1. Report, ordered by chain and residue number, the lysines lying within cross-link reach of LYS331, taken as a straight Cα distance under 21 Å and ignoring same-chain residues fewer than 8 apart.
2. Along the charge dipole of region 138-263, which of ALA183, ILE167, VAL142 sits closest to the positive end, that is, farthest toward it, with unit charges on the beta carbon of Lys, Arg, Asp and Glu (+1, +1, -1, -1)?
3. What shape does the chain take by its C-alpha gyration tensor, where a ≥ b ≥ c are the square roots of the eigenvalues and a/c under 1.5 counts as rounded, a/b above b/c as prolate, and the rest as oblate?
4. What's the percent breakdown of Cα-Cα distances in region 399-440 across 10 Å bins, shortest bin first?
5. On a 1.4 Å probe surface of the protein chains, which of LEU276, LEU44 comes out largest in accessible area, and what is the full order?
6. What are the residues whose amide H is under 5 Å from the amide H of SER486, where those residues sit 5 or more places off or on another chain and H is modelled from the backbone?
7. Starting from the Kirkwood Rh over alpha-carbon pairs, what translational D in µm² s⁻¹ does region 420-518 have by Stokes-Einstein at 25 °C and 0.890 mPa s?
8. Tell me, what HN-Hα J-couplings in whole Hz come from the Karplus equation 6.51 cos²θ - 1.76 cosθ + 1.60 at θ = phi - 60° for each residue of region 294-305, using x for Gly and Pro?
Amino acid sequence: MKKSILSGIVLLIFLFFSCKEQPVTEQPDFTGTLTEEEIQNGRLTPEILCKFGRVADAQLSPDGLSVIYNVTRYDAGTNKSITDIYKVSSEGGDAVKITDGKSKYLNPRWKPSGDKIGYLSAESGTFQLWEMNPDGLGAVQVSNFTNDINSFEYSPDGKNILFTADIKIDKTTAEIYPDLPLASARIIDDLMYRHWNDWHDYKYSHIFIASITDGKMDPARDIMEEEPWDSPLSPFFDASEITWSPDGAAIAYTCKKMKGKEYAVSTNSDIYLYDLATGTTENLTKGMPGYDKYPVFSNNGKMIAWQSMETPGYEADKERLFIMDLDSGTKTCLTEKFDQNAANFVWIDDNLAIYFISGIHATYQVYKVDLETNDINQITNGVHDYTSLSFRNGTMIGTKMSMSMANEIFKIDPISGEETQLSFTNKNIYDNIEMARVEERWMATTDKKEMLVWIIYPPSFDPAKQYPALLYCQGGPQSAVSQFFSFRWNFQIMAANDYVIVAPNRRGLPTFGQEWNDQIAG
């Protein structure tokens, strides 16, 4: 009897709660709109920082007249994100969103003909290549590969693509021991079984080549078949480590072809040249023991530039700009006497000069090196960090940030360095939030050197008041405390809580010459 009474009570409770109106599932807000309370407060908060649109992957059209780029937005309430593709004129004007704001549309690329935009979308269940018209209409799925496509690039004639995908090669414990099909333990007898917070997943990033016929991708060829190494390199998998030759006959890619402990302690990555016609691969940087990465062909295909480090095993070594004559095999370091790093290489149309990004005094600027004279000139100036660079048909654009501004796209005059802002993704936030003031100071060290220190003041700073201070000592261990706008270590958030931030570029940080950078090595 007691049991049936208890069952009846439980049933009544269930019916009572099931008949009540269920709460509506919260819908994500990806608009970046501030609330009235946030506007009235007028200071940056973690919630507002989450509303920032994050600009990335800016791509110039073949004629240099338009720019497409990604904007990623997050919603704190649902912990979800979307990535859309935007387009803006390289002459300026309003940016237009050309995707529907419902998913992630990644890796936007202009087709060389300029009549289509390719991108990656998981709309069909896995990330595949899609194409649409430049106005965002007429989207069509092009690929139907068995796995997710991680990145892709069109060949210069638009007839082929290269793409990267993860391919399983190593065996799991259950595969090694078929009589233990539920085994989830890992057999670890060598490195690298884990990098930071990621376990090795038995897969490797491989490069594939496929042609496109009548708007559909043909069967793909793995140019690294059965090879147990990654291209692009783990853990960042930066797609700019792979590039087409201008005639579409070859692919240059970055790889570190070694395993285990040798792989873990080595920085000896190389640039490999794959010939599509013969299927052969050549190591262009054999005998160069440090990192060799980011190959970029000259526009006439006769030369290739890349970033090279000299010292094996030293990840913070000087990043040098090398070029190679592909006919003679002659290699030349263009920055041998330049006491700064060099990255993000872009050839100009006549192949007589290369633009690049380099750090100087905790900022990152655009530079130009003349191939005939080896003269290097700084093009841009200012308290900012340039993070990417692109040059097409006489037009140059870059993405830049500062401690007071998240990444945005700028047009750069390649002669004068004059800048014109093209994207204004977070203008609604800057218009309503008082940002902290950033001040540059040079301070004497105990051994009579000069050290650059950034001071970030709270909004509405009152010099008559006393404030608590935060001493921010970042390294990496050897990365500059530059003009970055971080969504992880954000100086504006710190200052908005009424702290004065003291951020020194102490010994062991780059952009102050290699000697300063090397002084914590070992």
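The values are calculated or read from the model by the stated rules, or taken from the named source; none is laboratory data. Predicted model only: the values in this text are computed from it and were never measured. Cβ sites come from the backbone with ideal geometry, for glycine too, and all protein chains shown count toward neighbours. The area values use the complete protein model at the heavy-atom level, side chains included, leaving out ligands, DNA and RNA. Shrake-Rupley method; radii C 1.70, N 1.55, O 1.52, S 1.80 Å.
1. LYS256, LYS286, LYS293, LYS302, LYS318, LYS368
2. So the residue furthest toward the plus end is ALA183.
3. Values: a/c = 1.43, a/b = 1.11, b/c = 1.28.
Rounded is the answer for the chain, as its axis ratio a/c remains below 1.5.
4. Taking every Cα pair in region 399-440, the percentages come to 25, 45, 27, 3.
5. Order by accessible area, largest first: LEU276, LEU44.
6. Here the answer is PHE491, since their amide H atoms fall under 5 Å of that of SER486.
7. Details: Rh = 15.2 Å.
This corresponds to a translational diffusion coefficient of 162 µm²/s.
8. Once rounded to whole Hz, the list reads 6, x, 9, 6, 5, 5, 8, x, 8, 9, 9, 10.
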